[in-house]
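Computed from the coordinates by the stated procedures, all read-outs in this text should not be read as laboratory data. Bear in mind the structure is a predicted one, so any value in this text is a computation, not a measurement. Methodologically, a virtual Cβ is constructed for each residue, glycine included, from the backbone with ideal geometry; neighbour enumeration extends over all protein chains shown.
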Amino acid sequence: MANTIKEIQKNRAKKIEALKKAGFSAYPVEVKRTHNISEVLENFSKICSAKEEIILVGRIRAQREHGKAAFLDIKDGTGRIQVHLKEDKLGEKGYKFFSDNFDVGDFIEVRGVLFTTKKGEKTIEAADFKMLAKSLRPLPEKWHGIKDAEERFRKRYLDLLFNPEVKEKFEIRTKIIKELRDFLDKKGFLEVETPILQPIYGGATAKPFKTHLNALDIDLYLRISPELYLKRLLVGGLEKVYDLGKCFRNEGIDKSHNPDFTILEFYWAYADYKQLMKLTEEMLETVIKNIFGKLALEYEGKKINFNPPFPRIEYTEILKKYTDINYEDINTAALKKEAERLGIKAVGGKAEIADEIFKKVCRPKLQDPVFVIHYPAKAFPLAKPLDKDPKKSGSFQLIVAGMEIVKAFSELNDPILQKQRFQEQEKIFKEGFKEAQRMDKDFIEALEYGMPPAAGWGMGIDRLVLLLTNSHAVREIILFPTMRPK
């Protein structure tokens, strides 16, 4: 680029002044638009034969001048079309005014009739034009495939502008969320909202973000999960509830983690974890088929088939298969040594150490959808133990492509046992496991009023979208992922 950015900005600022002197605003309030571009392209012959004058709007994406005429490509949110401007149509002053003051990147309004060029290009012949928004910075000449991927995420607006496949991923994300909501709504679930700011964080094993509310002079936490509030609603008599929104965990950033993320959680009174597995299969089958028309999708070069039923495999069996660790027979000290041998930091109790081993060693080997069932009872402090084997919980995780997509279990509704579980978590918190869950006395009090048997379910929306759009990392399907400041 011959001129520096500062020189271009200075030059375009002068053009804004020229527009003002001519009696026009570079950023007018009113906009006229009769059609969007996709409507015009779909009904081109009909509009063209009627010689109907229309008004289109869009951003100039390309500009080619040929003597006393110019061709532009303008693009709105629906498509792209060519614009033809001629001096003999606009007048010498009018054409010069355009040539002198309008640039690639500007948003414009064009009034005219449609025609087809000799090369077969669908075009609007400009009888008049208007500036809608003057761009001060030039659009990059090259953006697609930029080497510094982080720059794409920092300037997502340019990423969307230049890469149609990126826009398509976010359109699919919106469809996925809509389908999930529609599915639950049809099943009789009620969407509710729970607090983002909470006096005690809970419902998951994670570090929170802490803040302070000046009005009440109290410390609060950004929620790590809506779980404990949704279960309070079960106590209050609501039987099917869900919350779809943001949660925040002060943890690492990697392929499948972002500090703020979107979660879907629902709670179903008088159901258990086995019913949840069937519902999960039905949900994914419905959502995927409605959006993609098929159940076999490609992810990072491998086919993943979402055709139910998915296998159900015991957690301890998988741990044994891939690590040769017999969870039921090994003690905490020996498990710590195994973790250290595998290069895994051993923090927390036996269940927490085993979980780290499972995440690092076993989970990456699980590609096709599989329900890993019956986690150790102490792995999920909010889950109900099995009646016939209290050392295990009525729980599962849905693992796909080495990622946890869903975590679910029959909910613990015994207030005495729940209090004991919280006390155990407080103990390992003091021993250095900062992701441990904390004692929530208000929640225990709610349970003491009685909560019906219920099953709870949580899905990371970002991971599901990552999977279904064949994206490598969650940063690709979060519009504005968390980035280190420049």
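Note: relative contact order over the chain, using C-alpha pairs below 8 Å and six or more positions apart, is 12 percent.
Relative protection proxy for 430-443, 126-139, from highest mean packing down: 126-139, 430-443 (other beta-carbon atoms within 10 angstrom).
The smallest convex shape that holds all Cα atoms of the stretch 5-133, its convex hull, gives 115 Å³ per residue.
Legend: Rg and Dmax of the stretch 374-423, from Cα coordinates, 11.6, 38 Å.
Applying the criteria of a DSSP loop state and at most 15 other Cβ atoms within 10 Å to the trypsin sites (Lys or Arg not before Pro) of the stretch 61-106 yields Lys68. For Ile288, neighbours were defined as the other residues whose beta-carbon sits under 12 Å from its Cβ, and their charges (Lys and Arg +1, Asp and Glu -1) total -1. Scanning residues 5 or more positions from Glu411 or on other chains, those with amide H under 5 Å from its amide H are Lys384, Ala454, Ala455, Gly456, with H placed 1.01 Å from N in the peptide plane. With 32 Å as the limit on Cα-Cα distance, the pairs of Lys337/Lys419; Lys167/Lys210; Lys320/Lys434; Lys294/Lys434; Lys246/Lys441 that go past it are Lys167/Lys210; Lys294/Lys434.
A DSSP coil position with no more than 12 other Cβ atoms inside 10 Å describes the following GluC sites (Glu not before Pro) in the stretch 284-328: Glu300, Glu328. Measuring how big the chain is from its alpha-carbon positions, Rg and Dmax come out at 29.0, 90 Å. For Lys119, Lys360, the sequence from fewest to most other C-beta atoms within 10 Å is Lys119, Lys360. Taking amide hydrogens as placed 1.01 Å from N in the peptide plane, the amide H of Glu314 sits under 5 Å from those of Ile373, each at least 5 positions away in sequence or on another chain. Within the shell defined by Cβ-Cβ distances under 10 Å, the residues around Glu404 carry a net charge of +4, with Lys and Arg each +1 and Asp and Glu each -1. Here the 3J(HN,Hα) profile of the stretch 415-426, calculated from phi with Karplus coefficients 6.51, -1.76 and 1.60 at θ = phi - 60°, is x, 5, 5, 5, 5, 4, 4, 4, 5, 5, 5, 4 Hz, Gly and Pro shown as x. Taking 18 Å as the straight-line reach from the Cα of Lys89, the lysines in range (excluding those fewer than 8 positions away in the same chain) are Lys51, Lys68, Lys130. The equivalent ellipsoid of the stretch 1-77 has semi-axes of 30, 17, 13 Å, largest first, where each one is the square root of 5 times an eigenvalue of the Cα gyration tensor. Pairs spanning more than 31 Å between alpha-carbon atoms, out of Lys178/Lys321; Lys407/Lys430; Lys303/Lys350: Lys178/Lys321; Lys303/Lys350. Using θ = phi - 60° in the Karplus curve 6.51 cos²θ - 1.76 cosθ + 1.60, the 3J(HN,Hα) couplings for the stretch 344-352 round to 10, 5, 9, 10, x, x, 4, 5, 5 Hz; x is entered for Gly and Pro.
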